[in-house]
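No value in this document is a laboratory result; all are computed from the given coordinates. Note that the structure is a prediction, hence the values are computed from the model and not measured. Glycine gets a Cβ as well: all are built from the backbone with ideal geometry, and neighbour counts include every protein chain shown.
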Amino acid sequence: MDAKGRRAGYRDAERRGMTLMKVIKLEENAVDIDAASVHYRDLNEEINRVVNEGAKHIIIRNVNGQRFIGAGLQGDDIRIDIHGVAGNDLAVFMDGPTIEVFDNAQDGVGNTMNAGKVYIHGHAGDVCGYGMRGGRLFVLGDVGYRVGIHMKAYMGKTPVLVVGGTAGHFLGEYMAGGIIVLLGIEKRAGQPIAGDYLGTGMHGGTIFVRGEVDSRRVGKEVGIEKLDEDDNLALKRELSEFSRVFHLSYDEVMSEPFVKLFPKTHRPYGPMYNSRWSWQRGG
């Protein structure tokens, strides 16, 4: 694009703390935003503004922990590229767009996401995928604690969370639906692929783990078994896309066997509540 076109779309918005936010219209439906030192509220207001004006491709540069990027955005034809570290609750309540982060992301990525895609080229923090009801969340690196907690299949949608590295404690805690895939790519020799209490309280969904799983790290409500044909088809579908997004060799990703973690019951705490009810009734 020539200098005239850049000047025509250039806009300086004076915001809190005298911060100037550069917003450049690259072409008819594309916008470049410089988020350096910009308050997260101002950044999100600007994202919503340009989307309402018809922007379909938003490039955000110099992101440094600004929260709630993509919060509540709708529309499967919207794409956001983030250069820098995305802050907490990236894509919270998002319903359709695609967000790609070319760095790390902090806690709560994909919180209660309904639809869309989030690709993280680095690591991500704790509670990623909390309450996800749909969409796909791919993280190339490691994730923190309580990732995938309360994931659920909702209104015919199946949320999918794929982690290329390792995960902390309580992965898939209270999981009610969806798919989690844990790959452990490039983990150190002897390093566990996941922390303790894997799948604790799980009562729906499936967790696929590449390599071996120490049963002592798994919640008592969880069973471990080999994959069947349907499982292999599901893995192929998700890991083909994962490999394409991050430019990995699909054959290398699939070079080790997987195991499946599943809930032994859909009501793991049913007896506890039944006993309490019986006690209250004097039974």
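Odds and ends about this structure:
- GNM remark for the chain: springs join alpha carbons under 10 Å apart, and the peak mean-square fluctuation among ARG244, ARG146, ARG41 falls on ARG244.
- Its residues counted as N, the range 15-105 yields a C-alpha radius of gyration over 2.2 N^0.38 Å of 0.97.
- Paramagnetic label zone (point 7 Å from Cα along Cα-to-C-beta, VAL245; backbone N under 16 Å) in the range 102-121: 102-106, 108-121
- Placing pseudo-labels 7 Å out from each Cα toward the beta carbon at SER37 and ASP228 gives an inter-label distance of 6.0 nm.
- A Stokes-Einstein calculation at 10 °C with viscosity 1.306 mPa s, built on the Kirkwood radius of the range 131-242 over Cα pairs, returns a diffusion coefficient of 115 µm²/s.
- FRET efficiency estimate (nearest 0.05) - Cβ-Cβ, GLU186 to LYS56, R0 25 angstrom: 0.10
- Theoretical ellipticity at 222 nm over the chain - DSSP helices of four or more residues, -39500 (n - 2.57) apiece, nearest 500: -5500 deg cm²/dmol
- For the range 51-203, the relative contact order works out to 14 percent when only alpha carbon pairs closer than 8 Å and six or more residues apart are counted.
- Prolate/oblate/rounded label for the range 31-168 (Cα gyration tensor, a/c 1.5): oblate
- Here the range 20-61 is described by how far its Cα atoms reach on the three principal axes: 26, 16, 13 Å, from widest to narrowest.
- Segment ARG49..LYS220, full-extension length gain: 56.7 nm, with 0.36 nm per residue of separation and the alpha-carbon distance subtracted.
- Exposed loop sites here are GluC sites (Glu not before Pro) assigned a DSSP state other than H, G, I, E or B and surrounded by at most 15 other beta carbons within 10 Å; excluding them, the longest clear run of the chain is 54-185.
- Relative contact order (%) - the range 123-280, alpha-carbon pairs under 8 angstrom, separation at least six: 18
- Comparing ASP89, ASP230, ASP103 in a Gaussian network model of the chain (Cα springs below 10 Å), the most mobile by mean-square fluctuation is ASP230.
- Average projection area in nm² (convex hull over Cα atoms of the chain, one quarter of hull surface): 18.5
- The value of relative contact order for the chain, using C-alpha pairs under 8 Å at least six residues apart, is 9 percent.
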